[in-house]
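The values are calculated or read from the model by the stated rules, or taken from the named source; none is laboratory data. No experiment lies behind these values; they were computed from the predicted model shown. With ideal geometry, Cβ positions are generated from the backbone for all residues, glycine too; neighbour counts draw on all protein chains shown. Note: accessible area is taken over every heavy atom of the protein model, side chains too, but ligands, DNA and RNA are not part of it. Shrake-Rupley method; radii C 1.70, N 1.55, O 1.52, S 1.80 Å.
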There are 4 protein chains.
Amino acid sequence: MHHQSEEMKRCIETCLACYQECLSMAMTHCLEMGGEHTKPDHFRLMMACAEICRTSAHFMLIGTPHHKHTCRECAEICRECAADCERVGDMESCVDACRRCAESCEKMAA
Amino acid sequence: MHHQSEEMKRCIETCLACYQECLSMAMTHCLEMGGEHTKPDHFRLMMACAEICRTSAHFMLIGTPHHKHTCRECAEICRECAADCERVGDMESCVDACRRCAESCEKMAA
Amino acid sequence: MHHQSEEMKRCIETCLACYQECLSMAMTHCLEMGGEHTKPDHFRLMMACAEICRTSAHFMLIGTPHHKHTCRECAEICRECAADCERVGDMESCVDACRRCAESCEKMAA
Amino acid sequence: MHHQSEEMKRCIETCLACYQECLSMAMTHCLEMGGEHTKPDHFRLMMACAEICRTSAHFMLIGTPHHKHTCRECAEICRECAADCERVGDMESCVDACRRCAESCEKMAA
């Protein structure tokens, strides 16, 4: 890409990886399992996580300095989503993607 | 819509109105005028404004409590975008949409 | 907005109304009801409908002639979503929004 | 990800790569160069390409069979965008990303 530091490239990558993981996990695994997986609070958190990851990547790609604020919010939602997916269980790949994204977003938000 | 207070309905409406105004203004008027209108900082701000408005509306429609944070960021970007569009001139409809959106987002973020 | 025919303005409006209706209905009513409402095929169709409506509105706002193709696809998904929401029942506002959107998208796609 | 064939995984990857390339190229390189790069038709095509790539990836991640139609449209816009970026010149990375995305989308649309 263009004009982006290595750290930002890495953050765009982890945001888009987490977006993919949360969205596909929610719309396939969670819908098919039901029960805890489609409880409104859990499911909404996963969809909010997918959306903020998508938006944070978009802000960095646009090149706007406001990415610092979307990255801060992204890190917060990812931490919450990782914890909730761990509680529900059987969602390790989502927990991992959320944690990696939170870490790189925290660096960008600093 | 569903489960939304009157204040939230109003905020979704102003966010989507501002998204439409900023995006279509940037992609038609600004691109056709050129000069100040396509200076990178101004154009990126308009596109960032369109995107955060779209995302804030999405968060309210999803029903996630994190909408408070996206609304706070939305209000900040809208204020900045309104000021910059006023400086460039000949963009009254965009200035107005940004200010209305900022006001309703500030209420939601409180 | 800018440079848009009355017919296009109307179509952007019906697309964004349908996006709001499908997204908020799925993420509040459907998640809370469960059963038929969170069956994977039905839920995915509602989310696909929300997304194509959002994208078709975006294409018209950008001013790209490719909106004809997204509008054609939008009309098709809206028709299918209206029929499925009618089958599941208790989702009249969503059925109506999908039908209105399909009608205006069909005109834009012609 | 979940439930996706190798071919679909590859297509999601090329769509998100092309989305990143078109969006960041338009919002940094093109805005900074001006001239041919911000001519409305060229710039709108790049933004339409970024958006349809984002949407096609989203459809595949959701798991909706309608991804075939968004992939077909995505392939068409990517081909057009590749040709236009080649004409303007100095945008090889964008031309390549568009061609790779068009190829994998054509397979998914078949």
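The table below lists the values:
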item	result
Selected residue [assigned to a helix (DSSP H, G or I), in contact with a Lys or Arg (Cβ under 9 Å, 6 or more places away or on another chain) and over 25 Å from D:R44 (Cβ atoms)] from C:L16, C:L23	C:L23
Conditions (1) buried (at least 23 other Cβ atoms within 10 Å of the Cβ); (2) closer than 17 Å to C:K39 by Cβ; number of the one not met by A:L23	(2)
Members of segment A:54-94 that are β-branched (V, I, T) and open to solvent by 10 Å² or more (accessible area, probe 1.4 Å)	A:V88
Odd one out for D:S104, checked against (1) open to solvent by less than 20 Å² (accessible area, probe 1.4 Å); (2) within 13 Å of chain C (Cβ to nearest Cβ)	(2)
Complete set of residues in segment A:66-99 that are in contact (Cβ under 8 Å) with a residue 40 or more places away in the chain, in contact with a Cys (Cβ under 7 Å, 6 or more places away or on another chain) and within 16 Å of A:R54 (Cα to Cα)	A:C71, A:C74, A:C78, A:C81, A:C94, A:A97, A:C98
Positions within segment B:33-53 being surrounded by 23 or more Cβ atoms within 10 Å (Cβ to Cβ) and more than 8 Å from every other protein chain (Cβ to nearest Cβ), in sequence order	B:M46, B:C49, B:A50, B:C53
Matching residues, segment B:10-25, being closer than 10 Å to B:C94 by Cα, facing chain C (nearest Cβ under 9 Å) and not polar (S, T, N, Q)	B:Y19, B:E21, B:L23, B:M25
